[in-house]
1. Could you please tell me the mean projected area of the C-alpha convex hull for segment A:131-226, averaged over all directions and given in square nanometres to one decimal?
2. Give the Rg (one decimal place) followed by the Dmax (whole number) of segment A:95-147, computed from C-alpha coordinates and expressed in Å.
3. When a/c is below 1.5 the answer is rounded, else prolate if a/b is larger than b/c, else oblate, so apply that to segment A:171-231 with a ≥ b ≥ c taken from the square roots of the Cα gyration tensor eigenvalues.
4. Any chance you could get the radius of gyration and Dmax over the Cα atoms of segment B:67-129, in Å?
5. Work out the P(r) tail for segment B:124-192: percent of alpha carbon pairs separated by more than 13 Å, whole number.
6. Work out the count of Lys pairs in segment A:86-225 where the Cα-Cα distance is under 17 Å, with the pair 8 or more places apart or on different chains.
7. Please work out the FRET efficiency for the pair B:K118 and A:E97, using the Cβ-Cβ distance as r and a Förster radius of 35 Å; give the result to the nearest 0.05.
8. What net charge do the residues around B:K209 carry, taking every other residue with its C-beta under 14 Å from that of B:K209, with Lys and Arg at +1 and Asp and Glu at -1?
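The values are calculated or read from the model by the stated rules, or taken from the named source; none is laboratory data. Nothing here was measured: the structure is a model prediction, and the numbers come from that model. Every residue, glycine as well, gets a Cβ built from its backbone with ideal geometry; the counts of neighbours run over all protein chains shown. Areas reflect the complete protein model, heavy atoms only, side chains present, ligands, DNA and RNA absent. Shrake-Rupley method; radii C 1.70, N 1.55, O 1.52, S 1.80 Å.
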Amino acid sequence: MSQDTEQQDPVAQPAGIVERLVRDDVDRKRFLKVVGGTSAAGFGAFVLAACGSSKSTTTASTTATTATTAQSGSGTGDVAILNYALTLEYLESQFYEKVIAARLFNGKVGAMLKDFGSQENEHVLALKGTVAKLGGTPVSKPRAKFPIENADQVAQLAYTVENLGASAYLGQAANIQSPEVLAAALSIHSVEARHASTLGTLVKKPVTPNGAFAVPADMSTVLAAVKPFLA
Amino acid sequence: MIDKTPAHPELAAFEVHGMTRSSFMLRGALAAGAVYGTAAVGPFVAQALATTGGGDAEILNFALTLEYLESAFYEVKGKQVGLSGQAKAYAQEFGMQESQHVAALTGAIKELGGTPVKKPTFVFPATNEKSFLALASVLENTGVGAYNGAGPSLKSKKLLEVAGAIVQVEARHAAAIDLLVDKSPTPNGGFDLPLTKKQVLAAAGPLIKS
């Protein structure tokens, strides 16, 4: 099969996702379509960020490359999924670190955001340990950059990030092979949902933005959405 | 092209002190992150996997009973108690969503060739907004644990996606209600606790009259 020559070395794949994501450009139209399709107002921040980082007009082939990368990533099994989740948790954890360092919140809200940050850090440790024990190599921590301006803007961004995290876990549930890994992913998934809901109350946005059934997001959609936050 | 074959399928059945090797490895992994209390996930995972129970239709029927309960609680009891403000708004919104879960699960059970359970009758020990919200918190958090516990036992990946889409909404409800009653929106910390069928019945059973 000639297509096989295009496949990446599965071992090197997980680390490659983030690197290629930073290098490759995102197809702006496709991205806007995907983001628009979620109909969540909170995604506005992502749209702006993505447009800002899109340097040139992209072609269909770069989109295809991005999609192939993500798909072949999931093709390497649970380790690739765990590494993908680990990347997202690293980003969330760094986000909260920066938010806390900026001292924009105090009192009850400040304490809550600190809690959320340490929970994301627990997710990082659990995922990292699981990848290693399954015989894989945990991806390295990506360098994150987040716009941290004021309390309102940060709370909105947190709401967006947590909703994305929840939809990312939901998008992988059916791809996970091991029941043990699935049980762990589910126990993290609902915590991300709790974070998203809490932040919804904070920014006066819907706690259930998609109604009765949460909407999953696939790997390429999520990676495109987080691309602006990779330094 | 997703490779469905595990890297070492022969290891999966290998038991270490009553645990399969893969479960053992995961426990080890989680224990390794013992700083920050990550080790606590190990028992949770073992507990989720201890949830056995018939086929998919049976699992969905169990979920359907819980959704009937939640839906009746918000839509019937909520009106009886007389709620106001945010509590009233949540009861209306969440009640409607629980009804949608009822409809979805009923449809899925029929599709599987199963018979959906009939709507039970319930008795809710809530007399005012305060006791209503306290019970809402218990019900929503129990719902999250029930779905998380049953999820890995579902054979159909399609149904797992449906259950996942529902549990995420239950978790969102739980957090919103908990915040309203001044409780932590993450009562289990970084990892939600999966519940066995037995534990769910212990919490919800007394509310089911027939």
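1. 7.3 nm²
2. Both quantities, over Cα of segment A:95-147: 13.9, 43 Å.
3. Oblate, since a/c reaches 1.5 and b/c is not below a/b.
4. Here Rg and the maximum Cα pair distance are 13.4, 43 Å.
5. 65 percent
6. Lysine pairs satisfying the spacing and distance rule in segment A:86-225 number 5.
7. Rounded to the nearest 0.05, the efficiency is 0.10.
8. With Lys, Arg at +1 and Asp, Glu at -1, the net is +3.
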